[in-house]
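Engineer: Dropping the structure in here first, questions after.
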Amino acid sequence: MNEQVRAWVRAARHIAVLTGAGMSAESGVPTFRDAQTGLWAQFDPQQLATEDAFRANPSRVWEWYAFRREMIAKVEPNAGHRALAAFAQRHAGRLTLFTQNVDGLHQRAGSPGVLALHGNIAEDKWLDAPKKCCNASAAVAGSPPYCVRCGNMLRPDVVWFGEMLPVDILAAAEDAARECDLMLVVGTSGVVYPAAGLARTAAGKVVIVNPEPTDLDDAADAVLRGRAAQLLPILLEE
Ligand code: APR
């Protein structure tokens with residue numbers, strides 16, 4: 001099957017790639033839904049990844065994101081991240097990468113023009129629409145930092161449950177899905193929409209890379225039961 005997919009990669013004029021938490025698992029970043037090890041097996045997403053949870057207990061949510069930021073800062077992109085970046089650099093304009101991951105590892109591996117569907121954990125934004133007084137660099141240090149004048153709080157610039165994805169980034173990913181000859185769907189359980197829906201709107205063949213069954217297997221032309229850092233270098237090498 002790998003050979004079949006390698007032939008599809010060689011023949012594809014435009015490749016779209018959708019990645020999820022499994023893409024970073026071999027870098028040491030926990031996934032969300034893997035039993036026991038997944039973040040949602042240890043923490044309640046409704047207590048940590050919604051705007052209501054943040055308003056109810058800002059420091060608990062801020063601390064949790066600080067813990068994840070620290071963990072992510074200590075890890076490195078893996079061979080899968082690097083294979084995608086190298087392919088995109090060798091074949092300018094032939095690969096569009098959109099990710100659900102907020103860890104920035106694709107960007108750190110050198111992938112150009114990454115469409116970060118769920119934001120970036122290393123960045124902050126104001127919780128409420130900023131007023132003239134809201135200056136992030138002058139925010140009062142704290143968990144979370146806040147505006148000394150109006151009390152507006154900084155929050156991680158990620159998409160929480162119940163929130164909209166960045167419109168322009170989602171539109172660009174939808175375009176790439178509609179125009180692709182091939183879509184690689186790597187390391188996602190395929191349960192969170194609208195991101196998972198991109199695999200269902202792919203114009204080209206869909207290939208899933210995942211050691212476990214996913215909710216998108218029915219939409220696939222090929223399912224490769226393996227790990228991202230092992231399979232992507234094989235699929236994308238010249
Ligand atoms: N290589 C490839 N896939 C892997 C690997 C690996 N080394 N290790 C685990 N996986 C797979 C798991 O089998 C699982 O199907 O990665 C998938 C991870 O699924 P989730 O934990 O559900 O993560 P994801 O699909 O990215 O979640 C989507 O949900 O919690 C929200 O906003 C968060 O972006 C996230 C979204």
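Engineer: For the pair V191 and A141, what calculated FRET efficiency results from E = 1/(1 + (r/R0)^6), where r is the Cβ-Cβ distance and R0 = 30 Å, to the nearest 0.05?
Structural biologist: 0.20
Engineer: Between T37 and F161, what is 0.36 nm times their sequence separation minus the Cα-Cα distance? Round to one decimal in nm.
Structural biologist: Contour length minus the Cα-Cα distance gives 42.6 nm.
Engineer: Let me ask something else about it. What 222 nm value per residue comes from the helices of the chain, counting each DSSP H run with n ≥ 4 as -39,500 (n - 2.57) and dividing by all residues, nearest 500 deg cm²/dmol?
Structural biologist: -9500 deg cm²/dmol
Engineer: Same structure, new question: Using a ≥ b ≥ c from the Cα gyration tensor of segment 19-157 (square roots of the eigenvalues), is it rounded, prolate or oblate, where a/c under 1.5 gives rounded and otherwise the larger of a/b and b/c decides, a/b for prolate?
Structural biologist: It comes out oblate by the Cα gyration axes.
Engineer: Of all the accessible heavy-atom surface of segment 150-238, with the other protein chains kept in place and a 1.4 Å probe, what percent is carbon and sulfur?
Structural biologist: Working: 1970 of 3800 Å².
On segment 150-238, the fraction of accessible area on carbon and sulfur atoms equals 52 percent.
Engineer: If I compute solvent accessible area with a 1.4 Å probe over the protein chains, what percent of it on segment 1-90 is carbon and sulfur?
Structural biologist: Details: 2260 of 4380 Å².
Of all accessible area on segment 1-90, carbon and sulfur atoms account for 52 percent.
Engineer: A follow-up question, please. Return the FRET efficiency for the residue pair C133, D44: r is the Cβ-Cβ distance, R0 is 41 Å, and the value is rounded to the nearest 0.05.
Structural biologist: 0.75
Engineer: Now, a different point. Let me know the shape class of segment 130-184, please: from the alpha-carbon gyration tensor, a ≥ b ≥ c as square roots of the eigenvalues, rounded when a/c is under 1.5, otherwise prolate if a/b is greater than b/c, or oblate. Intermediate results must be reported in sequence, preceding the final value.
Structural biologist: Values: a/c = 3.90, a/b = 3.21, b/c = 1.22.
Note, shape of segment 130-184 comes out prolate.
Engineer: Here is a further query. With a 1.4 Å probe and every protein chain left in place, work out the accessible area per residue of the chain in Å², rounded to a whole number.
Structural biologist: Result: 47 Å² of accessible area for each residue.
Engineer: On to the next question. On alpha-carbon atoms, Rg over Rh for the chain using Kirkwood Rh?
Structural biologist: 1.00
Engineer: Please state the shape class of segment 115-157: rounded when a/c is under 1.5, otherwise prolate if a/b exceeds b/c and oblate if not, all from the C-alpha gyration tensor.
Structural biologist: It is prolate, given that a/c is not under 1.5 and a/b is the larger ratio.
The values are calculated or read from the model by the stated rules, or taken from the named source; none is laboratory data. Only a predicted model underlies this, so the values are computations on that prediction, with no experimental measurement involved. Positions of Cβ are backbone-derived with ideal geometry, glycine not excepted, and every protein chain shown enters the neighbour counts. With ligands, DNA and RNA removed, areas are computed over all heavy atoms of the protein, side chains included. Shrake-Rupley method; radii C 1.70, N 1.55, O 1.52, S 1.80 Å.
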